[in-house]
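The structure appears right after this line, and notes come after that.
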């Protein structure tokens, strides 16, 4: 379990690698903008001026010499004028040769670059991210530091931006590897290639906003033929705004790795589930046995008592002894239940400092496949700094898993966008979490009852998911409740005290 | 060996009341079923396990055995098989607080007359004893 999570975090990280982010340990302030936003823009006028400068260097010497020759001729120095004309011609010839060579060298390097791009044995993409770069720059300049949170609450703005990222070219290997008919299959808005469930796009923006030097992330991509593949994208990020017009992204098809990983995860989950079912089965059998025995005694005693009393001559003594035993056995049954509850309640709970944002992301990774199946797009964001809380990490991960799956399943019927938004924020001595969806919502009269065990609206559902959530949150000294999301979907909220559950 | 209350029961039922052996390691069940059997007109003979019953089986005039399945030592199913060998005509009713299809099938295949899941009510118990002993009582 642990090893799988570690593996998935380190090898196939969905999030920018630590290496790229390490330059920014600690919170970033709104003042320290990333270097690329401060780099002087290379305007077309400056580029023109530079080109003119080079040309002038080549043209000026022969022109100067020709001018001198003209002046010498005018001054009557025929011989010196002829020498100067000769020199001017030589200089002109040299300038021409130089310019020709430079042009040729330029052509060769262009050809070589194109060859490297075209013939590399790795998929390479040229992408125009100008609109995204400009948007992030505007946000940072306006004082928005937390790009992820900003877009978590504006999924439509994020989609709009995604449509403005244009794939301008892909290399030959990309076409070969995918078996596409040609480059045209890839060119155009990136939006076309990313499914709506994609969670990596916003991470690019986060990396831009933070000034990362490079970006690495794994994304699920839809091919032109409709098939879906997992790709590992890597890119050096631009040093100035102009650079956003051509970001070269390399892509590695990790579908097979992912599938192997997923099979392993599935087997692991199935095993965990099987062992959990076995445990629950054994436990409920033992509870059934423990409770059925006193119940059997109660029933037999009560019916015997009734029979003694209904005789023509009631046997008060027998009936009274039977009823005494009824009381004794009812007490025994009550004690069995109390003992079981205290045993389960006192099961040692692993308590450690937990980063709720990480717990949410881990949960998201765990059920990624199922979320994708339901076409749910998950947006996770923290507002400001979130204090770590003293809690059971696996338990809280379970809370997120249940709420995410619940939201995804609730939206499965609808036609509109399927967004699940997880927002985490500190509220004094507690951390508050909201999980809202764009599904049909929960009728007010049902909101209190959905947390009861065996309350299920899903065919085949056990109705335990939310009951488990409430149990876990209760155990941590927190609260959980449901209401309506601003857009009409369901919103679940829970709070957890930072200090952990109060003991005693 | 039986903590028999049969002597007392003659006071309430016919002198020749059939003896019903009740085998259960749980004293509360033993006493409750004994009381119920007595109220139904039988002479109960409670036993705390399979071994004490086997010792007394030949001379206690037992008409039917009602046994629990899970008991320390010999289980109710062990007892059932041993009785089938030693007293093939002695009917055995098996009861359990942990009923399952598998254990029901096993009990019936081993020759149990009936399989009762705890808790069961007086009518089931009465019907079961009545049909095993060929006694038809008023409905």
Legend entry - Only one of B:43, B:28 that is under 30 Å from residue A:320 (Cα atoms), more than 14 Å from chain A (Cβ to nearest Cβ) and free of Cβ contacts under 8 Å to residues at least 60 places away in the same chain: B:43
Inset, instruction - Determine, yes or no, whether residue B:78 is part of a loop (DSSP other than H, G, I, E, B) and closer than 28 Å to residue B:17 by Cα. - result: no
Inset, instruction - Starting from region A:205-226, take each residue that is closer than 19 Å to residue A:144 by Cβ and list its partners that are assigned to a strand (DSSP E or B), counting only C-beta distances under 6 angstrom and pairs at least six apart or across chains. - result: A:207/A:215
Legend entry - residue B:80 more than 14 Å from chain A (Cβ to nearest Cβ) and surrounded by fewer than 16 Cβ atoms within 10 Å (Cβ to Cβ): no
Inset, instruction - Examine region A:393-414 for a residue that is over 16 Å from residue A:196 (Cα atoms), in a strand (DSSP E or B) and under 16 Å from the mean Cα position of the chain (by Cα), and state whether such a residue exists. - result: no
Inset, instruction - Identify, by number, the condition in (1) more than 21 Å from the chain's Cα centre (by Cα); (2) assigned to a helix (DSSP H, G or I); (3) closer than 29 Å to residue A:342 by Cβ that residue A:477 doesn't meet. - result: (2)
Legend entry - residue A:328, sole failed condition from (1) farther than 26 Å from residue A:472 by Cα; (2) assigned to a loop (DSSP other than H, G, I, E, B): (2)
Legend entry - Spans of helices (runs of 4 or more DSSP H) in region A:13-90 with at least 2 residues surrounded by fewer than 10 Cβ atoms within 10 Å (Cβ to Cβ) and either at pLDDT below 80 or out of contact with any strand residue (DSSP E or B) (no Cβ under 9 Å at 6 or more places or on another chain) (or both): A:44-74
Legend entry - region A:291-314: number of residues that are within 7 Å of chain B (Cβ to nearest Cβ) and farther than 20 Å from residue B:97 by Cα: 2
Inset, instruction - Please enumerate the residues belonging to region A:160-176 that are crowded, with 16+ Cβ neighbours inside 10 Å and touching a residue at least 60 places away in the same chain (Cβ under 8 Å). - result: A:174
Legend entry - Where residue B:26 falls short, out of the listed (1) out of contact with any strand residue (DSSP E or B) (no Cβ under 6 Å at 6 or more places or on another chain); (2) crowded, with 16+ Cβ neighbours inside 10 Å; (3) at pLDDT below 90: (3)
Inset, instruction - Select, from B:120, B:125, the only residue that is within 14 Å of another protein chain (Cβ to nearest Cβ), within 15 Å of the chain's Cα centre (by Cα) and in a loop (DSSP other than H, G, I, E, B). - result: B:120
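The values are calculated or read from the model by the stated rules, or taken from the named source; none is laboratory data. As the structure is a prediction and not an experimental result, all values here were calculated from the model. Quick reminder, even Gly has a Cβ in these numbers, built from the backbone with ideal geometry, and neighbours come from all protein chains shown.
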